[in-house]
Amino acid sequence: MFFDYGGIKVYFEIQGEGRDLLLLHGWGCDHSEFYGFLPQMLQSHRVISLDFPGFGLSEEPLNTWGVEEYCRMTEALCEHLKVVEPQIICHSFGGRVAALFASRNAVGRMIWADAAGLKPRRSLKYYIKVHSYKLAKFFLLKVLRNEKAFNAMREKRGSSDYKSASERMKAVLSRTVNEDLSACLPKIKSPVLLFWGENDTATPLWMAKKMEKLLPDAAIILVKSGSHFSFIDDPALFSSMILTFLK
């Protein structure tokens, strides 16, 4: 099904009956990211999953969205579907939306799997790399006026998520990845389970530990040797958390 949000078609699915459970996917994924755990969810929940604009079957945003715009869209969809105090399962980028959403809306218990939302720690090497990139960009575009060479350089330097994105979604990624939502976390009163991979490099474990300190009611479940997709690394443990934590 599709929901029209300001001229953007947003795809969503609803399955089951019971308490509302909202699924918020990570960057590069879609509404089906957690569908391997549907049997556990459908035992007691009405499951609402969506494709964020720019992913899956949803259309891209009309301009460069940040977390605020994605949150407003999610709020509008929940209002449209009469979603009441939903529980939330999210991953990575979906954690950004969940944090802002939960800081200003009534929600139930939440499971954040390797959630994003804190600004990454940057080394001196990173800043040298950024400034050298900006210098090269200026030289190639303004001095040599060689757009082809600049595009080739940009493709080599970007992350896999960045390289595979459209021009608009590249701008969205660049904007959202630097948004720090730590100020939202103390406002979230609902219990949060931080399900995390020990070896996550995209959202490192220090982020989970900081979130645990900032959130009023939170605990970490650590997946030994787990990656940024910890729920896939240990599906049995994740399933048990759905059944016991999301009561």
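Here are some notes:
- Just one of the listed residues (168, 175) is closer than 25 Å to residue 107 by Cβ, in contact with a Gly (Cβ under 8 Å, 6 or more places away or on another chain) and at pLDDT below 95, namely 175.
- Residue within the range 207-230 that is among the acidic types (Asp, Glu), modelled with pLDDT of 95 or more and under 16 Å from the mean Cα position of the chain (by Cα) present: no
- Among the candidates 32, 49, the residue that is within 15 Å of the chain's Cα centre (by Cα), in a strand (DSSP E or B) and of a type in the set (Gly, Ala, Ser) is uniquely 49.
- If you go through the range 215-247 and keep only what is surrounded by fewer than 18 Cβ atoms within 10 Å (Cβ to Cβ) and closer than 23 Å to residue 179 by Cβ, you end up with 216, 220.
- All of (1) without any contact (Cβ under 8 Å) to a residue 60 or more places away in the chain; (2) assigned to a loop (DSSP other than H, G, I, E, B) hold for residue 79 with one exception: (2).
- Some residue of the range 9-22 being at pLDDT below 95 and more than 23 Å from residue 237 (Cα to Cα): no
The values are calculated or read from the model by the stated rules, or taken from the named source; none is laboratory data. As the structure is a prediction and not an experimental result, all values here were calculated from the model. Note that we place each Cβ from the backbone using ideal geometry, even for glycine, and neighbour counts take in every protein chain shown.
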